Amino acid sequence: MDEVTRIIRGCEGDRQLVRTPAPLMQRGSTIFLDDSSQVYDKSLLTYGRSGLATHAALRSALADLEGAEDAFLFPSGLSAITGTIQALVSTGEEILLCDSVYGPTRQFVDGTMARFGVGARYFRADASVAEIEALIGANTRLIFLESPGSLTFEVQDIPAIAAMAKSRGIRTAIDNTYAAGVLFKPLAHGIDVSIQSLTKYVCGHSDVLMGSAAASGDVAALLARSGAEVGWYVSPDDAYLALRGLKTLHARLARHGLSALRVARWLESRAEVRRVLCPALPGFGTHDLWKRDFSGACGLLGMVLAPEYGKRVGQFIKGLQLFGLGFSWGGFESLVLPCDPQLVARAHGSDCEGPLLRLHIGLEATEDLIEDLARALSALSDGGSGAGHFCDRHKGDSGLIPEAEAGRHLSI
Ligand SMILES: *Cc1c(COP(=O)(O)O)cnc(C)c1O
């Protein structure tokens, strides 16, 4: 054979793989078939867009995590949300959504879905089941939830909403990114589709975008069919990174949660902070629902500053050295985000009495993060004397709080 042919065919390499701790990494668009009767056989894998070995390993791990028969992969968390909605509603039908949904979810529903003749109405994130049921009309097809909301953290009574929806023949989907598939199990509580931005805790290192939707039975069949028609696909390299993230997910999440709870308690003691939004705090409005349904908290929390600091939020953020300013969360690093512009879009407004900031508590030593916050808060209120005070009280601490103090079993 000519050198060109030899080199091209030689690159196929040896097909016998040895066993390693890491999953198989398989790339491919074309799949070689053994005989022509297989080419149009829909029961076989015949094209790479359906996913190969790496995708299959990730899908089965995510399905296991979510307690679902199947999990579908999407190129981002947002496309997992839009893909699920597209799969479950049609022109002339209507979606009910909690008002605390992720902003781009609202934009898709109010934009693309509206253009295709799908209606939408929003209920307060703390609406009772009876209030939600009262909104149901003849064309309501889907209830879309997010609990806790990723800016204001209201927890919804998911089992009761799911049971009510089921009794009315309405499907339910939830953005389960906060729980990372670990801290809350939507399908076990009667929800039809559990959606995650894997970009956050599953991938965990702020370097991959991906999403998933987990479901069983006829809902899984609808997602499979719509996904194949639309052509969603993720790269096997990214799927591999998600599999890598899954191996340390429970350990990272437990640490994020403990650290965030400690920061939340400390923030509660600060005069500059009017309110801390963290469902794991006993004083938080929907803490009891969280305690009943969740096995722990993640690293995300909100804080409402006293209203007099409204004009100095930028200064506070500039004063932080360990908290990066940016969107997203779930990575190893701590982040801060001013949230007020995002609250404006809500149908029912927001009851934050001052500027709302969101913190993602990363894996850095907790005492360093608290010291950073202390310095920046003190600069707001009294020109910077608070950091030393904090050091006196907390230095020498291990950075981890005992499980008993966490007040809640955080599953590892
Ligand atoms: C980030 C996020 C998404 C979107 O995920 P991407 O992977 O960034 O597209 C959806 N829902 C919530 C709650 C998020 O925080």
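General observations
- Top of T105, T84, T46 by mean-square fluctuation, Gaussian network on the chain, Cα under 10 Å: T46
- Residue-averaged [θ]222 nm for the chain, counting only DSSP H segments that reach four residues, each worth -39500 (n - 2.57): -11000 deg cm²/dmol
- Between the listed residues Y40, S269, V193, the Cα displaced farthest toward the positive end of the dipole of the chain, a dipole computed from Cβ unit charges relative to the Cα centre, is found at S269.
- Nearest 10 degrees, 0 to 90: helix 158-167 Cα axis against the chain principal axis: 50
- On Cα atoms only, tilt of 236-268 relative to the major axis of the chain in degrees: 10
- Residue order for H256, H205, fewest other beta carbons within 10 angstrom first, comes to H205, H256.
- Lysine pairs with alpha-carbon atoms under 19 Å apart, the chain, spacing 8 or more or separate chains: 5
- Across the options S235, S76, L88, the greatest Cα extent toward the positive end of the charge dipole of the chain (unit charges at beta carbon of Lys, Arg, Asp, Glu) belongs to S76.
- For the chain, diffusion coefficient by Stokes-Einstein and Kirkwood Rh (Cα), 20 °C, 1.002 mPa s, µm²/s: 94
- Histogram of C-alpha separations across the range 70-193, 10 Å bin width, %: 13, 50, 34, 3
- Gaussian network model of the chain, Cα within-10 Å springs - most flexible of D110, D218, D157: D218
- Computed on the range 140-286, with alpha-carbon pairs under 8 angstrom and 6+ residues apart, the relative contact order is 19 percent.
- Sorted fewest first by neighbouring Cβ atoms within 10 angstrom, L142, L337 come out as L337, L142.
- For the chain, averaging the sequence separation of C-alpha pairs within contact (under 8 Å, six or more residues apart) and dividing by the residue count gives a relative contact order of 15 percent.
- Of L135, L96, L198, the sequence from fewest to most neighbouring Cβ atoms within 10 angstrom is L135, L96, L198.
A short reminder: the numbers here are calculations on the coordinates, not readings from a lab. Since the model is a prediction, treat every value here as computed from it, not as a measurement. Cβ: placed from backbone, ideal geometry, glycine included. Neighbour counts: every protein chain shown.
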